[in-house]
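These notes concern the structure reproduced below.
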Amino acid sequence: MYKFNVQDATEKCIKWIQDFFKENGPTCNAVLGISGGKDSSIVAALCVKALGKDRVIGVLMPNGDQADISFSHGICDLLDIKRYVINIKTTYDALIKEMEDQFELTTQAKVNLAPRLRMSTVYAVSQCHNGRVANT
């Protein structure tokens, strides 16, 4: 029976991150969206372990008021990483209005728009900071 070895898996992830970023240049930064959830928290921690805190940038992207944004700030504080807070609400609302003026939006389209805007935002931040996006 297979027994999962957390330490071995963690070390392999850290090595893979180091190798990837070494190929992209010794000053290349990891940029990722920080939601405060498990996925982004683990990826941020692995990147800090692999690259050091000065090469990891968190991007917090609420859509208006976000009741649990303190979790996102908490992860950035814990890891001591640079962060940007970019509220996507104005853009989200403008796109919704523009599309609704022309056709009926499905619920799914409305729900999926915010994550797509967040993805574009993280890529834009990354391009401005000699970064590569660490997707979660």
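What the table shows:
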| item | result |
| --- | --- |
| Distance histogram for the range 55-113 (every C-alpha pair counted, 10 angstrom bins, percent rounded to whole numbers) | 20, 38, 25, 14, 2 |
| Förster-model FRET efficiency, 25 Å R0, Glu98 and Tyr123, C-beta, rounded to 0.05 | 0.70 |
| Mean accessible surface per residue for the chain, computed with a 1.4 Å probe while every protein chain stays in place, in Å² | 65 Å² |
| Solvent-free Debye scattering, log10 I(q)/I(0), computed from the Cα coordinates of the chain at q = 0.13, 0.15, 0.16, 0.17 Å⁻¹ | -0.62, -0.77, -0.84, -0.91 |
| Computed E for Arg116/Asp68 - FRET, C-beta separation, R0 25 angstrom, nearest 0.05 | 0.75 |
| Sparse-neighbourhood loop sites, chymotrypsin sites (Phe, Trp or Tyr not before Pro) in the range 38-136 - DSSP loop, at most 15 other Cβ within 10 angstrom | Phe103 |
| Candidates Ala44, Ala124, Ala109: whichever shows maximal mean-square fluctuation once the chain is modelled as a Gaussian network with Cα springs under 10 Å | Ala109 |
| Fraction of accessible area attributable to carbon and sulfur, the range 47-133 (%, probe 1.4 Å) | 54 percent |
| Kirkwood hydrodynamic radius over Cα pairs of the range 6-46, then Stokes diffusion coefficient at 37 °C and 0.692 mPa s, in µm²/s | 293 µm²/s |
| Three semi-axes of the equivalent ellipsoid, the range 80-119, Cα gyration tensor, whole Å, largest first | 26, 11, 5 |
| Gaussian network model of the chain, Cα within-10 Å springs - most flexible of Thr27, Thr107, Thr121 | Thr107 |
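The values are calculated or read from the model by the stated rules, or taken from the named source; none is laboratory data. Note that the structure is predicted; figures quoted are calculated from it, not measured. Ideal geometry is used to build each Cβ from the backbone, glycine not excepted, and the neighbour counts take in all protein chains shown. These area figures cover heavy atoms from the full protein model, side chains too; ligands, DNA and RNA do not enter into them. Shrake-Rupley method; radii C 1.70, N 1.55, O 1.52, S 1.80 Å.
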